[in-house]
Amino acid sequence: MDHIDVPAEQVVPMETIVEGVQGLRITFVNVFSIRHASGGWTLVDAGVPMSESAIRSWAKREFHEGPRAIVLTHGHFDHVSAARGLAEEWNVPIYAHELEFPYLTGQKEYPAPNSGAGGGLMSLLSPIYPRKPLDLGDRLRPLTELEGWEIVHTPGHTPGHVSLFRPSDRTLLAGDAFCTTKPESFFEAAVAQQPELHGPPSYFTSDWEAARRSLQRLAELHPSVVAPGHGKPLSGPAVAPGLAQLALHFNEIAVPENRKVGAVS
Ligand SMILES: [Zn+2]
Ligand SMILES: [Zn+2]
């Protein structure tokens, strides 16, 4: 078993995930918008390279104005590539957890991917993914608060990975803490995507024990709606118990063979 099944009727559309939260899928990764009660909105994540115009026209169509800020769940290339350009254009700050700063200020490269993680094309191709640190310069600020949302530090996939939780309706934006599609085969799975709960993308996850604890923490929030960076958003009674199951059997379900406890690497 490499995933937890979720009934197909618990998929919710990206355009209206819940009140005030919309998503946009660009190739194999999602970005999100969250509206604030006091006005304005925030962009969560900024896609793969070449996503800038797609995000810009979506923002124009949906909001007629740029956001107040850009929040990054973490610094991997598929979540940050349009951040700098859009922040310059909209003249807004970019927020991320401070532990992610070395990867967003040009100081540090992420560890080499685990190309032997198995499971599909994404793992095999992972050695060619950009790992060079981005430099967001003076646009970057530490993420300490977000109106209406709790910032949940969920390290493991990366050291400064965060998830965003809205207690008023238990909505969770999970970044890469887990996926609702098989993360190692995004391209293959894009064709007929069944809702399934999977662990974080394994070729890029650096600390599996921390990733397990983070998932446990998210399961304990009992989210009613989850929207990850990869895969479709889900809402319904199978979601929270599914996450708890995934956390409980994390080593068996999510950790790749060559990183399991006791594996010879
Ligand atoms: Zn990632
Ligand atoms: Zn990702």
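The values are calculated or read from the model by the stated rules, or taken from the named source; none is laboratory data. Keep in mind it's a predicted model, so treat the numbers as computed, not measured. Note: ideal-geometry Cβ built from the backbone for every residue, glycine included; neighbour counts use all protein chains shown.
Structure summary
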quantity: Meets criteria (within 18 Å of LEU146 (Cα to Cα) and among the aromatic types (Phe, Trp, Tyr)) for TRP41; calculated: yes
quantity: Condition broken by VAL31, with the remaining ones in (1) touching a residue at least 60 places away in the same chain (Cβ under 8 Å); (2) in a strand (DSSP E or B); (3) in contact with an Asp or Glu (Cβ under 6 Å, 6 or more places away or on another chain) satisfied; calculated: (1)
quantity: Test for VAL239: is it away from ligand 2 (no atom under 13 Å from the Cβ) and out of contact with any Phe, Trp or Tyr (no Cβ under 8 Å at 6 or more places or on another chain); calculated: yes
quantity: Unique match (being in contact (Cβ under 8 Å) with a residue 24 or more places away in the chain and either of a type in the set (Ser, Thr, Tyr) or farther than 26 Å from HIS3 by Cα (or both)) among GLU150, GLU109, GLU145; calculated: GLU109
quantity: Every pair of residues 6+ apart whose Cβ atoms lie under 6 Å, when the first sits in region 54-76 and is in contact (Cβ under 8 Å) with a residue 24 or more places away in the chain and hydroxyl-bearing (Ser, Thr, Tyr) while the second is within 16 Å of ligand 1 (Cβ to nearest atom) and outside any helix (DSSP H, G or I); calculated: THR73/ASP45; THR73/VAL162; THR73/GLY175
quantity: Subset of region 217-239 [assigned to a helix (DSSP H, G or I) and under 15 Å from ARG166 (Cα atoms)]; calculated: ARG217, LEU218, ALA219, GLU220
quantity: Count - residues of region 209-236 that are at pLDDT below 95 and more than 16 Å from ligand 2 (Cβ to nearest atom); calculated: 1
quantity: One residue from LEU136, LEU43, LEU86, LEU99 being of a type in the set (A, V, I, L, M) and within 30 Å of ILE253 (Cα to Cα); calculated: LEU99
quantity: Count of region 38-72 residues which are in a loop (DSSP other than H, G, I, E, B) and in contact with a Gly (Cβ under 6 Å, 6 or more places away or on another chain); calculated: 1
quantity: Some residue of region 102-117 being in contact with a strand residue (DSSP E or B) (Cβ under 7 Å, 6 or more places away or on another chain) and surrounded by 16 or more Cβ atoms within 10 Å (Cβ to Cβ); calculated: yes
quantity: Subset tally (residues that are in contact (Cβ under 8 Å) with a residue 12 or more places away in the chain and surrounded by fewer than 16 Cβ atoms within 10 Å (Cβ to Cβ)) for region 130-140; calculated: 4
quantity: Unique residue being at negative phi, within 16 Å of ligand 1 (Cβ to nearest atom) and part of a loop (DSSP other than H, G, I, E, B) when the list is THR158, THR144; calculated: THR158
quantity: Residue within region 94-103 that is free of Cβ contacts under 8 Å to residues at least 40 places away in the same chain, within 18 Å of VAL162 (Cβ to Cβ), away from ligand 2 (no atom under 14 Å from the Cβ) and in a loop (DSSP other than H, G, I, E, B) present; calculated: no
quantity: Any hit, region 162-182, residues being in a loop (DSSP other than H, G, I, E, B) and of a type in the set (A, V, I, L, M, F, W, C); calculated: yes
quantity: Meets criteria (among the basic types (Lys, Arg), more than 16 Å from ligand 2 (Cβ to nearest atom), surrounded by 18 or more Cβ atoms within 10 Å (Cβ to Cβ) and more than 27 Å from THR181 (Cβ to Cβ)) for ARG84; calculated: yes
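Results for (1) farther than 21 Å from THR181 by Cβ; (2) free of Cβ contacts under 8 Å to residues at least 60 places away in the same chain; (3) in contact with a Lys or Arg (Cβ under 8 Å, 6 or more places away or on another chain), shown as yes or no for each residue.
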position	(1), (2), (3)
ARG35	yes, yes, no
THR42	yes, no, yes
VAL92	yes, yes, yes
GLY120	no, no, yes
SER123	no, no, no
SER126	no, no, no
